[in-house]
1. Name the pairs: first residue in region 121-133 and more than 14 Å from Val51 (Cβ to Cβ), second residue open to solvent by less than 10 Å² (accessible area, probe 1.4 Å) and charged (D, E, K, R), Cβ to Cβ under 8 Å, at least 6 apart or on different chains?
2. Do the conditions hold for Gln171, that is, is it in contact with a Leu (Cβ under 8 Å, 6 or more places away or on another chain) and either under 25 Å from Gly318 (Cβ atoms) or touching a residue at least 40 places away in the same chain (Cβ under 8 Å) (or both)?
3. Name every residue in region 161-174 that is touching a Phe, Trp or Tyr at 6+ places or on another chain (Cβ under 9 Å), assigned to a helix (DSSP H, G or I) and not aromatic (Phe, Trp, Tyr), in order of residue number.
4. Against the definition (among the aliphatic types (A, V, I, L, M), surrounded by fewer than 24 Cβ atoms within 10 Å (Cβ to Cβ) and touching a Gly at 6+ places or on another chain (Cβ under 9 Å)), how does Met365 come out, yes or no?
5. Between Gln358, Gln320, which is of a type in the set (S, T, N, Q) and open to solvent by 20 Å² or more (accessible area, probe 1.4 Å)?
6. I need a count of the residues in region 144-159 that are at negative phi, in contact (Cβ under 8 Å) with a residue 12 or more places away in the chain and surrounded by fewer than 19 Cβ atoms within 10 Å (Cβ to Cβ).
7. Inspect region 201-208 for any residue being open to solvent by less than 60 Å² (accessible area, probe 1.4 Å) and either of a type in the set (Phe, Trp, Tyr) or under 18 Å from Glu341 (Cα atoms) (or both) and give the result as yes or no.
8. Test of understanding: among Met380, Met325, which residue is in contact (Cβ under 8 Å) with a residue 60 or more places away in the chain, under 27 Å from Ser143 (Cα atoms) and open to solvent by 10 Å² or more (accessible area, probe 1.4 Å)?
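The values are calculated or read from the model by the stated rules, or taken from the named source; none is laboratory data. All of these numbers come straight from a predicted model, not from anything done at the bench. Cβ placement follows ideal geometry from the backbone for every residue including glycine, while neighbour counts extend to all protein chains displayed. To get the accessible areas, we keep the full protein, side chains included, count just its heavy atoms, and leave off ligands, DNA and RNA. Shrake-Rupley method; radii C 1.70, N 1.55, O 1.52, S 1.80 Å.
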Amino acid sequence: MAEITHPPMDQLQDLEYCIDSNPSWAETILLAFQNYILMLGTSVMIPTLLVPAMGGTDRDKALVIQTLLFVAGINTVLQALFGTRLPAVIGGSYAYVIPVAYIINDPSLQRISDRHDRFIQTMRAIQGALVIASSIQIILGYSQVWGLFSRFFSPLGMSPVVALVGLGLFQRGFPLLGNCVEIGLPMLLLVIGVSQYLKHVRPLRDIPIFERFPILICGTIIWIYSLILTAGGAYHNKPIATQISCRTDRANLISTAPWFKFPYPLQWGPPTFSAGHSFAMMSAVLVSMVESTGAYKAASRLAIATPPPAYVLSRGIGWQGIGIMLDGLFGTVTGSTVSVENVGLLGLTRVGSRRVVQISAGFMMFFSIFGKFGAVFASMPFPIFAALYCVLFGLVGSVGLSFLQFTNMNCMRNLIITGLSLFLGISIPQFFNQYWNPSHRGLAHTNAAWFNAFVNTVFSSPAMVGLTVAVILDNTIEVEKSKKDRGMPWWVKFRTFRGDNRNEEFYTLPFNLNRFFPPT
């Protein structure tokens, strides 16, 4: 057998900037702006889906988008400084759509005839549910319970979970790209061509601009192309769905966004509280916690860091719970999670710098306050973002699969666990999703609507299903006999903060705070 020249490695070797190393200031600012542009897709799509159903106007939608971006900036800074300290952007999560739809369709709210009043009352109900539900992550995080639970994870168990964090989002890739294929497909091909085939071309000194800034370059080109199509009348007399996906002037964001608006807590009024709403929202909090755990593992690998130890993971989950509470207080219409697309961007640009993400948070807050300027960028047709998701979600999925290098994949036990976790993680959510629609109907359809929302949310998450299957099987089938096959000898040193001396470099709190909050 030929000698193996690519042994398993704790950290990726071909990225240029890790957490603590930074590009030049000019590169850093451009990379930060690129992160901001990328997270606009989800930040615009979620309010666009939910606000009209709440009775809100286009202006209400613009204000919610601004608020979501502002709070995302705050949460990103808090996570990068005091949470996991990984270069992870914290943004809105689709996991909250099902419980929010349940609240929107509450009969007591639907009976309100005035649309604006219904929007305000629904928003306040969502805020109250988010505030109460956030306590789950806060408690599980700061009590270290989630860290203790993570000790049941192994490379074999986490590989399908991290993979499903990316691969499980396939419905937001080509299916949405296909809504306007004449824009989305050129964007997909251009991103692959620029970032992969032209990455060694350096027209400006030694800066690999095609590898560093593929989103800015390709997005600008295709955006101009879509503007030309719109202005040229290519979509006159086309179906409404096509116009919404393809035209650059259908979102009404620029015309309705205020020039200046500073989002503040309780801007929609005091939250209202309901036990049923809160229980339903707790399902999304649990799902976002699992998805964020997988995203943190992927971010650590793409930032050339060690896997976050249990103490750091719990710390990050605790701060994420505070972020969800802020979502509720400000009124963002959804909760927070790690932005998977921005995690993928770390690998695409080969830059895992923490400073880049911190500055991108500044862009989020700035453009949310000066709404007209932010609305210009937010008016990009969504198929442009869907094309990017095809690349970035796939990249995160492959990072998850890379954890298999630390396991024995010549072992039938491991093959069965991996295959079953991946397959059920995709198949079960697909089964549940085909029965769900915005009127909160779903496969679980009892007289208790909050229970329906809870079950439908949990089983619609690929990462949640994958974690459940993988962790249970990995910790019940031939556990002692398979320690080496599961990759535990490699994994065990990353369970505790003191287990690897590199952890101090990556995860120590700033401002000498470790004196007051010593790691365990």
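1. Close Cβ pairs (under 8 Å, with a partner that is open to solvent by less than 10 Å² (accessible area, probe 1.4 Å) and charged (D, E, K, R)) amount to Leu130/Asp327.
2. no
3. Correct list: Val161, Val162, Ala163, Val165, Gly166, Leu167, Arg172.
4. Spelling it out, Met365 is indeed among the aliphatic types (A, V, I, L, M), surrounded by fewer than 24 Cβ atoms within 10 Å (Cβ to Cβ) and touching a Gly at 6+ places or on another chain (Cβ under 9 Å).
5. Matching residue, one of Gln358, Gln320: Gln358.
6. Number satisfying all stated conditions: 4.
7. no
8. Of Met380, Met325, the one residue that is in contact (Cβ under 8 Å) with a residue 60 or more places away in the chain, under 27 Å from Ser143 (Cα atoms) and open to solvent by 10 Å² or more (accessible area, probe 1.4 Å) is Met325.
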